[in-house]
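Novice: Mind having a look at this structure? Questions to follow.
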Amino acid sequence: MALILTPAAAAGASAPTVAVAQLPAVSAPLRTVWLNAVEIQGDPTLGGRLHMILYSPPEVTPAGGQPTFTYKWTRDNVVIPGANQAFYSPVAADVGHTLSGSITATFDATSSATQNVHNPTVIGAKARSWGFNGDGTADVFARNAYGQLLLYPTDGRGHWYAPQVIGTGWHIYDLLLSPGDFDGDGNVDVMARDPQGRLFLYSGNGAGGWIVAKQVGQGWQGFRDVIGAGDFNGDGTNDIIARDSANNLLLYPGDGRGGWLSPTQIGFGWGNASLLTAVGYFTGSEALSLVYKNQYNGLMISEGPRNGQLVGAATTGYGWQVMSRLGGLGDFNGDGDPDIYGIDYNGQMVMYYGNGAAYQINSMFGSYWKGQATVGTGWNVMNYVF
């Protein structure tokens with residue numbers, strides 16, 4: 001007879017298994033991210049402040065969400081440890097080396113994009129704009145009728161500290177300037193020319209005083225102007241620009257040790273330029289700027305893109321015949337942009353606040369300036385201000 005298994009009898013038998021299909025994981029669709037150009041702006045010198053920016057906000061398709069940003073700074077294409085913010089201040093190890101980097105914009109785990117900096121920049125020696133007394137703020141030098149050299153320090157927020165006498169007997173010189181750090185020790189220096197055409201370097205000690213003075217040239221009596229140009233040729237050392245009696249502009253590159261490399265001519269026909277002065281990274285780019293008054297009393301600006309050349313000229317305004325002196329001292333009011341001062345024939349010092357960062361974004365006529373303010377009187381008693 002047939003054997004019939006009851007459920008109880010079959011309990012020990014294994015039950016049939018059912019295969020379950022493995023379904024693909026469900027995830028958000030990939031999105032495409034676009035980034036515009038990435039640029040380094042600011043002062044590419046020892047002690048300066050650089051800003052890595054996107055020219056416009058990133059875009060993502062399909063749209064939605066807000067990005068987070070990751071910054072990477074590099075020195076000669078090697079990542080700088082800890083340099084992962086939008087701002088970076090060059091240190092001694094950066095001088096003479098190329099800084100670059102990238103920005104990464106991330107919307108979600110699968111949607112990001114990276115854009116490299118399009119303008120890698122060589123870091124120059126400390127600029128005159130970072131001050132003589134070591135506090136990192138702009139200063140003004142002035143010589144009075146008694147031959148005293150005075151330092152007018154600022155607090156970096158638009159105010160003055162009490163002036164200090166830092167030298168006597170300076171009446172023997174007919175031309176004074178500050179080239180920034182010219183001898184490579186990290187401190188801002190001063191140069192002076194006597195009527196015999198001898199050029200002297202006074203090495204600063206970084207605390208408002210002096211280390212040593214030495215002669216660094218002769219035959220300079222034929223120049224109408226001698227100005228501290230900054231790192232004009234992009235090799236990491238500070239340079240001098242001079243205008244000769246034929247109104248040619250000559251670049252005298254510094255060697256970073258208090259000496260010189262071979263000079264080159266960078267311009268001609270500058271006979272109509274008066275009050276010629278250097279104003280650093282005034283337009284917010286990596287280019288250095290010269291300003292001067294033309295024959296129509298317009299204030300002109302020419303840029304040197306740190307390749308040993310001057311390019312173009314633009315008018316920033318008119319009516320500058322009221323000024324007897326012009327100068328660039330750095331960032332006077334602490335807003336991050338270099339400023340220019342003018343001293344009128346009544347002895348008022350007027351500070352013209354630069355707008356360099358915004359100018360780089362919109363490049364509109366008139367956007368060089370944020371405004372102006374009178375910041376001192378009685379400066380006509382000084383026979384030299386720089």
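Novice: Quick one: which residue in Asn84, Asn119, Asn133 is outside any strand (DSSP E or B) and open to solvent by less than 30 Å² (accessible area, probe 1.4 Å)?
Specialist: Asn119
Novice: I'd like the full set of residues that are open to solvent by 70 Å² or more (accessible area, probe 1.4 Å) and either under 18 Å from Pro120 (Cβ atoms) or charged (D, E, K, R) (or both), limited to segment 54-75.
Specialist: The answer is Tyr55, Glu59, Lys72.
Novice: Can you pull out the residues in segment 163-201 that are within 17 Å of Asn144 (Cβ to Cβ), open to solvent by 50 Å² or more (accessible area, probe 1.4 Å) and in contact with a strand residue (DSSP E or B) (Cβ under 8 Å, 6 or more places away or on another chain)?
Specialist: Pro163, Gln164, Val165, Thr168, His171, Asp174
Novice: If a residue has to be modelled with pLDDT of 95 or more and outside any strand (DSSP E or B) to count, how many in segment 38-54 make the cut?
Specialist: 2
Novice: Which of the strands (runs of 3 or more DSSP E) contained wholly in segment 310-364 include at least 3 residues that are touching a Leu at 6+ places or on another chain (Cβ under 9 Å)?
Specialist: 311-317, 323-330, 339-344
Novice: Based on this model, can you work out whether Leu288 counts as of a type outside the set (Lys, Arg), touching an Asp or Glu at 6+ places or on another chain (Cβ under 6 Å) and in contact (Cβ under 8 Å) with a residue 24 or more places away in the chain?
Specialist: no
Novice: Are any of the residues in segment 325-340 in contact (Cβ under 8 Å) with a residue 12 or more places away in the chain, aromatic (Phe, Trp, Tyr), open to solvent by 40 Å² or more (accessible area, probe 1.4 Å) and touching a Ser or Thr at 6+ places or on another chain (Cβ under 9 Å)?
Specialist: no
Novice: I've got another one for you. Could you grab me the full set of residues in segment 353-364 that are surrounded by fewer than 22 Cβ atoms within 10 Å (Cβ to Cβ) and either within 21 Å of Gly228 (Cα to Cα) or modelled with pLDDT of 95 or more (or both)?
Specialist: The answer is Tyr353, and nothing else.
Novice: If you go through segment 282-305, how many residues are of a type outside the set (A, V, I, L, M, F, W, C), open to solvent by less than 20 Å² (accessible area, probe 1.4 Å) and either modelled with pLDDT of 95 or more or in contact with a Gly (Cβ under 6 Å, 6 or more places away or on another chain) (or both)?
Specialist: Adding up the residues that qualify gives 6.
Novice: Tally the residues that are under 25 Å from Gly312 (Cβ atoms), of a type in the set (S, T, N, Q) and either assigned to a loop (DSSP other than H, G, I, E, B) or without any contact (Cβ under 8 Å) to a residue 40 or more places away in the chain (or both), restricting the search to segment 238-266.
Specialist: 4
The values are calculated or read from the model by the stated rules, or taken from the named source; none is laboratory data. What you see is a predicted model; the values in this text were computed from it and never measured. Backbone-built Cβ (ideal geometry, glycine too); neighbour counts: all protein chains shown. Note: accessible area is taken over every heavy atom of the protein model, side chains too, but ligands, DNA and RNA are not part of it. Shrake-Rupley method; radii C 1.70, N 1.55, O 1.52, S 1.80 Å.
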